[in-house]
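Scroll down for the structure; my scribbles are underneath it.
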Amino acid sequence: MRKPVLTIFYQFNPWQSSIGGIQTVIRSFVKYSPKEFEVRLVGTQSDSSHPLGKWQDAELAGREIRFMPVLTLPNDNVRHLIPTTVKYTAALWGRCLSSDFMHFHRLEPTLATLNWSGEKTLFVHNDIGKQIDASGKKDAILWQRLPKVYLALESFLVSQFDQILSCNTDSVAHYRQSYPAIADRVSYIKNTVDNEICYPLTWEERDQGRRALAQQMSLAADTRFLLFAGRLHAQKDPLLLVRSIATINEPNVHLLIAGDGDLQGELCAEIDSLGLSERVTLLGALVQQELAQLMRLCNAFILTSAYEGLPLVVLEALACGLPIVTTRCGETPNLLDAHSGIVCQERTTASIADALCQVLLHPEDYPIEACVQSAEPYSARFVASAVYSDMWKRWQQKHNLSQELTIPTTLGNSQEQFNVQI
């Protein structure tokens, strides 16, 4: 019997340093896909080394896949005059890439897929209501300028999906309330963290690593590091971040910013104007393994976003034993407890600075073990395995098959097996 085919659609080059939680989720779903599935990915390429629209054999996260670039995009971390989503949607137009299963991580490209056959799943990664809120930052996302157009587009497209899975409970409520005819297709899904990459050190190992990092950067041995990682974009509000750092009077506190994006120039200017050049270091885009290594050495992770779903980077930081300081947005406040981080009640420099000082001055209140425990239910192995198990059961039912097949999926040091009748 042939393997069921899963095709994943997203506007990125999986072998390029690309900032964003969606990219990490996709890599996890590829990495932990059972061998009984054929996995394909339709994305972009950074140069013209391969012909567009042609399948090629490749390897991603140790898994053999088929890859098709449909767009040449040198840098997907920076916004362009024509939004990347528009270019990607246009590149899909007129093609037919029907598959047994299709996963989409943005709504707009599915304009091109209305007539494609196969099971379609839309993954929603943000709080849709706040993402298109017309009162929000108009430079955060184009749809904030045209919220009614987005909702009309959404209404036109949602009926094609067999499933809508969101990591944000407000978005789940939005789809169920707005489209009661498909409410039973809408579900909450946990976001994922790869524990093979994101894992903690002991207190002693962390302190040794922190001192080594300080020495490498020619900083004082007792320097305490704060970390931000993400796209330099209005949604993440990095300007609020550095303004908050400017109000902290604690000595030897250094902010590391891992990321890239269209606000980089403005951010650099703000750092200079605030006199923070000696207290802030911009690291650029880092691959996941490099970022995880930093997380194991820092004292706190900061999130100053205006809106979110459930940021992957928060789960990664927690899994590395790093406490979180966050604005009240997305699912992160529901994830944290008193020993794994602080939720700022206001999106102000004073509130954020006070929370950071609390974590810096009382590290014993935020033990590594408590942070790791908060992230444990979000293991990529478990989340992806559950999704694939459900897909396999639906495949079985569709083809009226009865032979038993076991899909083994490695879970830490043990093996969990999904036995399904096919």
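Points worth noting:
- Sub-7 Å Cβ pairs linking a first residue in the stretch 182-209 that is of a type outside the set (A, V, I, L, M, F, W, C) to a second residue that is in a helix (DSSP H, G or I) and exposed (fewer than 13 other Cβ atoms within 10 Å of the Cβ), at least 6 apart or interchain, are Lys190/Pro377, ordered by first then second residue.
To keep it simple, each residue is scored yes or no on (1) under 24 Å from the mean Cα position of the chain (by Cα); (2) within 18 Å of Asp207 (Cα to Cα); (3) not hydroxyl-bearing (Ser, Thr, Tyr).
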{"site": "Ile342", "(1), (2), (3)": "yes, no, yes"}
{"site": "Thr349", "(1), (2), (3)": "no, no, no"}
{"site": "Gln358", "(1), (2), (3)": "no, no, yes"}
{"site": "Leu361", "(1), (2), (3)": "no, yes, yes"}
{"site": "Glu364", "(1), (2), (3)": "no, yes, yes"}
{"site": "Pro367", "(1), (2), (3)": "no, yes, yes"}
{"site": "Gln373", "(1), (2), (3)": "yes, no, yes"}
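- Strands (runs of 3 or more DSSP E) lying entirely in the stretch 49-107 (those with 1 or more residues that are of a type outside the set (Phe, Trp, Tyr) and surrounded by fewer than 19 Cβ atoms within 10 Å (Cβ to Cβ)): 56-60, 63-72
- When residues in the stretch 227-239 are screened for being closer than 19 Å to Gly341 by Cα and either of a type in the set (Ser, Thr, Tyr) or not in a loop (DSSP other than H, G, I, E, B) (or both), 3 of them pass.
- Residue match in the stretch 258-277 (condition: out of contact with any Lys or Arg (no Cβ under 9 Å at 6 or more places or on another chain) and assigned to a strand (DSSP E or B)): yes
- Residues of the stretch 306-326 that turn out to be closer than 18 Å to Glu376 by Cα, assigned to a loop (DSSP other than H, G, I, E, B) and acidic (Asp, Glu), as a count: 0
- Index of the failed condition, Thr304 passing every other in (1) more than 22 Å from the chain's Cα centre (by Cα); (2) surrounded by 20 or more Cβ atoms within 10 Å (Cβ to Cβ): (1)
- Filter pass, Val325 being under 28 Å from Ile257 (Cβ atoms), modelled with pLDDT of 95 or more, surrounded by fewer than 21 Cβ atoms within 10 Å (Cβ to Cβ) and in contact with a Cys (Cβ under 9 Å, 6 or more places away or on another chain): no
- All positions within the stretch 210-226 that are assigned to a loop (DSSP other than H, G, I, E, B) and either in contact (Cβ under 8 Å) with a residue 60 or more places away in the chain or out of contact with any Lys or Arg (no Cβ under 6 Å at 6 or more places or on another chain) (or both): Met217, Ser218, Leu219, Ala220, Asp222, Thr223
The values are calculated or read from the model by the stated rules, or taken from the named source; none is laboratory data. Nothing here was measured: the structure is a model prediction, and the numbers come from that model. Using ideal geometry, Cβ is built from the backbone for each residue, glycine included, and neighbour counts are taken over all protein chains shown.
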